[in-house]
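Structure first, then comments.
The values are calculated or read from the model by the stated rules, or taken from the named source; none is laboratory data. Since we're looking at a predicted model, the values are computed, not measured. Heads up, the Cβs are rebuilt from the backbone with ideal geometry, glycines too, and the neighbour counts pull from every protein chain shown. Heavy atoms of the whole protein, side chains included, go into the accessibility calculation; ligands, DNA and RNA do not. Shrake-Rupley method; radii C 1.70, N 1.55, O 1.52, S 1.80 Å.
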Amino acid sequence: MDYGYIPGWNPANPGPLSRFTPPLEEGVISHWLPLHIQPSPAPAPGASVDSDQGRPGSWLLDPFGFSPRLDLEAARAGNRVLVTVNNPITRFLLEMACNPPAEADFKAALADLSVAKKGDERLGVHLQSLYLTTCEKCGGEVQAESFLWRKGEHAPYARVYTCPHCGDSGERVATIQDMEHARKIASTDALHRSRAFERVAALDDEDRVYAEEAIAHYLPRPLYVLTTLINRLDSLNLTTERRRALNALILVACDAGNTLWDHPSERPRPKQLNIPGQFREHNIWLQLERGISQWTETASGIPFEAWPGKIPESGGVCIYEGRLKHLAHEVKKEIPIAAVIGSLPRPNQAFWTLSALWAGWLWGREAVEPYKLALRRRRYDWAWNATALNSAFNHLFELLPLGTPCFGLLAEPEPQFLTSALSAASAAGFDLQSLALRTSHDPIQVVWRRGEHLKREANPPGVDAVRAALHAHLVERGEPAGYLHLHAAGLIALAESHALKQKDQEFDQALRSTQSTIQSALEDPRFIHYSTGEHVDTGLWGLQENVILSRAAAKNLSDLNIDSSVVGPPAALPQNDITESLADRVEVAIVTFLQKHPKAIFLEIEADLYPRFPGLLTPSRGMIYSVLLSYAEKEGAVWKLRTEDAAPARRRDLDHMVAIVEAIGRRLGYSTRRQDKNYLWEADGRVERAFYILASALVGRAIAGTPYPPEQTVIVIPGGRAALAAYKAQRDPELARRMKAYRVVKYRLMRTLVELPMLTRETFEEQIAGDPLERSKAQMMMF
Ligand SMILES: [Zn+2]
């Protein structure tokens, strides 16, 4: 069975280092937990309990420790979350998210730093002076927000500032003075650079060369600023809280100071340590000041302890710094884990290497030691990823009771990431329960359960079974799908038959074999590839059957647009070989929901919709918005059907349109006869034109429901549906092709034509040929 996708919302402030932490929605885990875990047993009478419900919080385990916000949300919902973390930076993020210093401590720490002496100067003044530039308009002195560089050059080509004197603002060409300034700082660079890597690795350390390579991603100026700040950390006399606050600010500055900020920003989430062709050098001092809100706005007071410290039964986060395998035995003995939660990590060479570097800068060489391997490993491929995930799942298998649910989120999904995760879990004895996929821009939500036997038989992958699964998904969808959806359908079939990895295979072999099985399955004349590229993962995949509509099946289609509702009942699925498109079914479901719930917020609409279209059918937000914009209006946060789209109003409109078709027909010398859903103009006993009048944008349904040749048929839709129909055509090339063959016109045109004093058959033909949908207001939602 498939669970519905759980909707959430994007955080207003994604928090520090968010370009490296997984982009997850809020509200998802707290919705998932009550559906999948049993509440803990009620406490014995007289036992002291401090939770709100009178029950102690369940124990959850996050073995990946990669998403502080997820753990925080689960803890806030009254659970005890045990998190294993190997990366000292991620550990710090989690600690700070649970237990941040007060805003006053951040401000005081920065003030202490600012007034510390650097020679005769104050440190703050000195560091800010490195970013001084001249306003192009008024000649005043101004702090640059950033400098812009081209890779390999020795001076910036532009600066970005907002002048406090005259208001001039934006990107301006660098001055001679800016360039000289940069060169001057570079002349003392060697000294600061060697200090920077000595904090990470000793002179005789064989990993020193890797530290040097990582530091090459810092320009001289930010490196000078950072090493100056870090050296000063040791000599400042700060309270523990202020010191944590300052560490946190400097961490943000460490990330702001590297060259991985491409300009203009096309890859905002770097995975590799590559210097972009053009990049931004941030003003580090400004970043320190701005860092305060990133930390204070996104954290909350949650009980937090390092293992084996005790957290209250009412919930909190317990962190284990180290590897799961070292903890597994103790957990099994002492802690009943109710569920595993976590965002599955994907290879990120940039973040992992930088983490080792930053840990050394902030806490010294000893802090880097357990994590130093991250400096050395340069290439992380998917087989490496699958092997690492498999090792984690193997430990989980040992410590979890049979049937324990695991909720895994795969942010920034791509086919190979999904293959890696599903293969790793399956090979470790976890059964795939559900996989909900919205778009390639949203995290995939996967539920596994700890299976019965690790040593079960693995089966060879069957191309035929995979092909049948891909075919079944496209039939169920009723419209083309992107490759990621088909890939997922293939993986699910392989996971169900335990065919993702053979016993004697390494993961690189298994991953290759899976990929080639899915590709072979697509080599079938029943599949159509709509793509300008050769590669399987480009464009869209559709079915041959969807092109040739069976007339017999079409007759079973019920366009209930003159029934009690605007679009007819939801899920009125036609027989066998044709399925209404997902987009059409979603339209019906949303309108039905709005009729029953006149004032709904977006999240409620999603919550109703997703269980109706579970798993791989999860509609995109673009699709939901397109339907809403067509039928409803927004008042504050609430969506309600437009007055003209209430069912009675639409029915009157439809009746009126029938009358108009008849009236125009009369004037042109035709008699009008109704045949099923079609209104036919006849002359001399011959059908000249067929009209199919819709209140909805269910153009696919109309095409299936009219037996008359396309060139003879006119589909009439309300003007308010034109953008929705165009959106559907944009995401379904087959529908677009069919719509081109038909005349699709808007109510408004028919109303205008019936008023024309001189209407001939020729002017009628000209007019209906010139009413394209594309002219309606464009909708910019592609997904
Ligand atoms: Zn100015």
Between region 625-651 and region 170-214, what's the alpha-carbon centroid distance in Å?
-> 59
So, in nm, how far is label Arg243 from label Ile275 when the simple model puts each one 7 Å beyond its Cα toward the Cβ?
-> 3.6
Rounded to 0.05, the calculated FRET efficiency for the beta carbons of Lys333 and Ala659 at R₀ = 56 Å is 0.10
Which percent of the accessible area of region 659-783 is formed by carbon and sulfur heavy atoms (probe 1.4 angstrom)?
-> 53
Taking the Cα atoms only, what angle lies between the long axis of helix 621-631 and the longest principal axis of the chain, rounded to 10 degrees?
-> 40
Using a 1.4 Å probe, what is the accessible area per residue for region 231-306, in Å²?
-> 43
With labels modelled as points extended 7 Å from the Cα through the Cβ direction, what inter-label distance (nm, one decimal) is found for Val115 paired with Asn459?
-> 7.4
Among bridges DSSP assigns within the chain, what percent are antiparallel (round to 5)?
-> 65
Please name whichever of Gly636, Leu756, Ala427 sits farthest to the positive end of the charge dipole of the chain, dipole taken about the Cα centre and charges placed at Cβ: Lys and Arg +1, Asp and Glu -1.
-> Leu756
Contour excess over end-to-end distance, with Cα ends at Ala637 and Asn13 and 0.36 nm allotted per residue | 222.7 nm
Please name whichever of Ser235, Val466, Pro276 sits farthest to the positive end of the charge dipole of the chain, dipole taken about the Cα centre and charges placed at Cβ: Lys and Arg +1, Asp and Glu -1.
-> Val466
Please give the length that would be gained between Glu297 and Arg208 if that part of the chain were fully extended, namely 0.36 nm times their separation in residues minus their C-alpha to C-alpha distance (nm, one decimal).
-> 28.3 nm
May I ask for the distance between the Cα centers of region 221-281 and region 682-733, given as a whole number of Å?
-> 59
Determine the gain in length on full extension of the stretch Ala646-Ser497; use 0.36 nm per residue of separation and subtract their C-alpha separation, reporting nm with one decimal.
-> 48.8 nm
Estimated 222 nm signal from helices in the chain, with DSSP H stretches of n ≥ 4 weighted -39500 (n - 2.57), rounded to 500 | -13500 deg cm²/dmol
In whole angstrom, note down how far apart the Cα centers of region 415-462 and region 471-534 are.
-> 14
Once amide hydrogens are built 1.01 Å from N within the peptide plane, the residues lying 5 or more places from Ile341 or on another chain with amide H under 5 Å from its amide H are Leu61, Asp62, Phe407
Hey, what's region 151-219 come to in accessible area per residue, 1.4 Å probe, Å²?
-> 54
Solvent-accessible area per residue, Å², over region 392-465 with all protein chains present [probe radius 1.4 Å] = 34
With a Förster radius of 22 Å, plug the Cβ-Cβ distance of Glu136 and Glu180 into 1/(1 + (r/R0)^6) and report the FRET value to the nearest 0.05.
-> 0.80
Over region 410-534, what percent of the accessible surface lies on carbon and sulfur atoms, probe 1.4 Å?
-> 47
Portion, in percent, of the accessible area of region 273-367 that falls on carbon or sulfur, probe 1.4 Å | 48
Could you state the angle between the C-alpha long axis of helix 220-235 and the longest principal axis of the C-alpha atoms of the chain, as a value from 0 to 90 degrees rounded to the nearest 10?
-> 50
To the nearest 20 debye, what is the magnitude of the charge dipole of region 166-325 about its Cα centre, counting +1 on the Cβ of each Lys and Arg and -1 on the Cβ of each Asp and Glu?
-> 180
